[in-house]
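Worksheet: one structure, shown below.
Only the coordinates and a few stated rules stand behind these numbers; no lab work does. As the structure is a computational prediction, the values presented were derived from the model and not from experiment. No Cβ is skipped: glycine too gets one built from the backbone with ideal geometry, and neighbour counts run over all protein chains shown.
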Ligand SMILES: [Zn+2]
Ligand SMILES: [Zn+2]
């Protein structure tokens with residue numbers, strides 16, 4: 001099996017939240033307040049994602065703090081002019097974060113604060129045309145809050161042109177107890193639909209921005225430098241992981257057929273995989289105060305393995321999935 005580095009201790013990590021609402025749409029705080037709060041909380045990257053309203057300015061950028069361009073698209077039902085809503089007629093509504101790919105040699109095609117009044121028909125075909133439209137323009141597409149949207153694994157399997165999914169959405173958790181979407185994500189991975197995971201705050205109105213050490217969902221971006229282009233590069237390559245202020249992944253790699261992890265102190269590490277041999281390694285089972293490093297051998301027949309790191313307060317961190325088959329050499333595959 002070939003070696004591969006997933007999180008490299010030598011490369012800096014930047015804290016990001018790509019999902020923020022303000023009075024520009026249905027949030028209760030002014031965007032300037034939101035931005036100041038994130039900056040003070042030590043975030044490096046945010047994207048104001050008010051519904052169907054483009055963010056395309058670098059006015060608030062400063063040293064160690066950048067804003068990505070994009071929006072949360074949540075279009076309107078073409079026929080009755082009502083928003084697609086989880087509790088309404090169509091039961092399943094899809095929301096998507098669209099983040100401009102800064103690697104492209106053309107500018108984001110929408111003005112700052114441009115309103116995106118887009119209509120959509122019921123049915124997956126219409127949604128897939130819609131997501132393709134965004135993807136082809138040059139946006140990175142993240143499927144938002146599957147559980148809040150009442151999207152199950154089959155719905156997610158049918159959605160095309162998305163590169164990542166919110167495995168954790170903080171406001172969906174504290175506002176509606178539907179913050180975690182691991183089962184829906186795993187269903188996709190088990191069927192070889194590859195989606196990266198991210199975590200977001202999706203802050204609207206219910207609570208003030210939680211301090212990062214208390215709770216909240218964020219995505220850790222790994223990139224040699226803090227720039228929009230570097231963030232887009234990391235998103236494309238999967239050089240990021242999701243967290244609700246759980247333990248930090250310091251280093252994660254496959255070496256000589258083993259997963260090797262280094263992290264800040266964790267109560268337990270869960271290995272979630274297909275076929276299902278979920279296993280949990282706790283500090284207690286290892287007779288240590290906390291887990292800070294771990295090595296586990298990979299069964300090469302495993303379709304995917306992903307790690308969950310659990311902190312002493314129960315907060316989680318999610319790694320991206322590892323696909324052992326990608327790492328097998330030709331002679332290993334034949335056996
Ligand atoms: Zn949403
Ligand atoms: Zn939202």
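Summary of values
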| read-out | value |
| --- | --- |
| Area projected by the alpha carbon convex hull of the chain, averaged over all directions, nm² | 17.3 nm² |
| Virtual spin-label span in nm between residue 28 and residue 113, 7 Å along Cα→Cβ | 2.5 nm |
| Convex hull of region 208-297 built on C-alpha atoms - directionally averaged projected area, nm² | 8.1 nm² |
| Gain on full stretching of the segment that runs from residue 297 to residue 8 - 0.36 nm per residue minus C-alpha separation | 102.1 nm |
| Euclidean distance of C-alpha centroids, region 130-155 and region 4-50, integer Å | 20 Å |
| Over the chain: helical MRE at 222 nm, DSSP H runs n ≥ 4 each giving -39500 (n - 2.57), nearest 500 | -5500 deg cm²/dmol |
| Degrees between helix 31-40 axis and first principal axis of the chain (Cα, 0 to 90, nearest 10) | 20 degrees |
| FRET efficiency estimate (nearest 0.05) - Cβ-Cβ, residue 154 to residue 41, R0 35 angstrom | 0.40 |
| Of every Cα-Cα pair in region 247-335, the percent that sits beyond 21 Å | 29 percent |
